[in-house]
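One structure is given below, encoded as structure tokens.
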Amino acid sequence: MKKLERSLSLPYVIAISIGGMLGSGIFVLPGFASGLTGPSVWLAYLLGAVCVLPAALSKSELATAMPSSGGTYVYIERAFGPLFGTISGIGLWLSLLLKSSFALIGLGAYLAVLINISDGLTPYVALGFLSIIVLLNIFGVKKVGKVQLYIVSVSLACLAALFFIGFPKVDPDYLDPFMSNGNIGLISAIAFVYISYSGVIKVAAIAGEIKNPDKNLPLAMILSLFSIAAIYVFVSFILAGTVNPDSLSIDIRPIHTAAKNVGGDYFGYFAAVIGVLTLMSGANSGVLASSRFPFAMARDLLMPKFFSRIHSKYLTPVFSILFTGLLMTLVILYLDVVKIAKLASAFMVMMFISVNFCVIILRETSAQWYKPTYMSPFYPFLQIFGIVSGFFLLLLLGLLPFLSILIISVIGAITYLLIGRRATRTGVLTNYGHRPALFLFYKKDVSVEPDSSLQTASNLDGKLASDAGTIVPLLGNENSAEMLVEMASAINTRSSVQAVNITEVPNQTFLEALNQDTPKILSIERRLKRLSKSQELSIDFESVVTHELSNTVAWLSGQTNCDWLVMGWDGRAHSGILVRNPIGWLLAHVNSNFALFKDNGIKNIGKVLVALRPGRKDKNFLAVAERICRFYNASLTLLHIVTPTFSKGAAKKMEAKSVGLLSGLKVKTELRIVQSEDPMGSMSELSSEFDLLILGAPEQDSWINVLFGTGKDRFTESAACSVLRLTMKS
């Protein structure tokens, strides 16, 4: 299959991004937006940028993890699955298509200033320019980037001149009242101009054609968003202060009107020329980005195959570009201008909300293949703000956008049922989502029965040890694979331990292509062989490549009927309402006992501390602790932390029971009962005296942890020694 050429450097990417936002966002929309809020239109643009910022930063993170053409569609499809991916892909395609059509209609209005064109011919003029844009896109994206760079430079110079010439001529009377329709009018204007910032999405859609996308893509997004926000704010302030509010509210070419008012007819004509070029640039950028959505969807088997074909000479998705141009033709001929803008904004708000959800889903589920080189700051609060503000803005766009989103959802679902069912991928949410999340998008049987059919989702190098009592999945994030396997050997009650290196890759990656052992895998195998020989342990090592990490681990435990799964741990295993990480998923679905080992770098274990929480299976926990102590020739201390209000009678009863439990152990033991109002602080202090802390399940989640699954076991986090957290199934 031919691949898209990576030909766009950072200046071209910034030019395409700014060009996508510079067109109708400032040359057409400010007039209609001022009709909603009055002179405060500049504030609407500023607050709109604030609302878009979370999605821009989230998209920067997602794009460095998945730098492929299709942008937001790809992120949503990988996170939510092909059904929601199909709906979002069509919605994004139409939103950019609508905005580009809106730009071409505005282009016709600006051109009418320069050439005598009747109102009836304006749509056909727009179609003429659309034909030129379609051909330009077919002939090559590099040519598009060069054209964008020149046009954006000239347009920025014109807008700068308008600001400096117009600022001294601002009429204070035009700026009063500041908000003509109060707070609701301002917020409605924010929702209306939201589409002005869609260039942030456009540039991610061509990630497959950007040089050094890990560096250039997030940098281009952030720089272009900050730059365009400043332009929108300053220029819209000049528009509000130099054009009569009544005429501005219905003006489809406000830049020309303002330029004529502050600089005379010739400056007005010059602004009209720049308007034509800039709007053509914006439409050009829109066709470039929107045409990549059906291309990416067809590549993922969610659209007809012909959309994925690339021209043999120009290396562009020619059928996707042509079909996008056809739909834009219908929009220009039959849809109202303001409705186009509202529909485009509604689709874009929904997609920005989805982008913020994607980051939460991919981070919380800890998909092994998700390795962004740029991480969005202030996680997850920034994403939560983007989601909440997006839904609030969506409510103020009216009934029509909601109906359109519903219609697109139906069309997307039908498209998926007719075409997309061929796709074999599953989204991360499908694998790790709880039933509330699954119900929102699609039903899936989340129960896991050990079955050989699960092996179709993975490639296993060799055969598993049939007598393995403990399985050790190695995911690549362990401090020491040897220490983890050694701990598993200490817990093990059978003759051997099975270590399996697991590499999780995205669904679109062929497993066969990664079936050869890497130098890292060979190194782990060598070190485990040395451990097996030096400690006289029976350790078998295999490697596996998989699309679904959790299901593969469940399958491995089922194949061997092991007693224990032992995994490395960072202290987090909470499960949220909508998502959970793989460890949270395994805790709920694997039938064997489960041990999570947080390795704090302690190699020689001589003192073990067991902290039992109320309701735990005391005998079972102590039996495991005894095996570990005998393996390492270590002593065991049983700890109970009680509050000052704990009665003396209950304390004596606890002490008697604990002494009875310890008396049956064949290792050196000690009992400690500590009275404290701060159990976590006391645990932290005591852990400094020990090499290993053994705990049961973590404390109850707070509401934020329950919602997003972001919490960590605070006792584990505060411990100075290594921690082993046990979950006993029986």
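Placing a label point 7 Å from the Cα of Tyr174 along the Cα-to-Cβ direction, the residues of the range 223-251 whose backbone N falls under 17 Å of that point are 232-251.
Take the Cβ atoms of Arg526 and Lys371, set R0 to 25 Å, and the FRET efficiency comes out at 0.50. With a Förster radius of 25 Å applied to the C-beta separation of Ile184 and Leu335, the computed FRET efficiency comes to 0.45.
Peptides 58-66, 526-534, 635-643, 281-289 ranked from most to least packed by the mean count of surrounding Cβ atoms within 10 Å: 281-289, 58-66, 635-643, 526-534.
Among 660-666, 398-404, 604-610, 30-36, the peptide with the highest mean count of other Cβ atoms within 10 Å heads the list, and the full ranking is 30-36, 604-610, 398-404, 660-666. Pairs exceeding 27 Å between alpha-carbon atoms, taken from Lys520/Lys598; Lys529/Lys598; Lys533/Lys607; Lys652/Lys729; Lys59/Lys313; Lys59/Lys520: Lys652/Lys729; Lys59/Lys313; Lys59/Lys520. Backbone amide hydrogens, once placed in the peptide plane, bring Leu474 within less than 5 Å of Val500, Asn501, Ile502, excluding anything fewer than 5 places away on its chain. The length gained by stretching the chain between Ser635 and Ser227 to full extension, at 0.36 nm per residue less their Cα-Cα distance, is 140.5 nm.
If R0 is 35 Å, the Cβ-Cβ spacing of Met654 and Asn561 corresponds to a FRET efficiency of close to 0.45. When peptides 290-302, 482-494 are sorted by average Cβ neighbour count within 10 Å, with the highest value leading, the order is 290-302, 482-494. Placing +1 on the Cβ of every Lys and Arg and -1 on the Cβ of every Asp and Glu, with nothing else charged, gives the range 623-693 a dipole about its Cα centre of roughly 480 debye. In plain terms, the chain from Ser663 to Glu685 could stretch by 5.3 nm, reckoned as 0.36 nm per residue minus the Cα-Cα distance. The slack in the chain from Asn116 to Gln535, taken as 0.36 nm per residue of separation less the alpha-carbon distance, amounts to 141.7 nm.
Here, each number is a calculation from the coordinates, and none is a lab measurement. What you see is a predicted model; the values in this text were computed from it and never measured. FYI the Cβ positions are ideal-geometry reconstructions off the backbone, even for glycines, and counts take in every protein chain you see.
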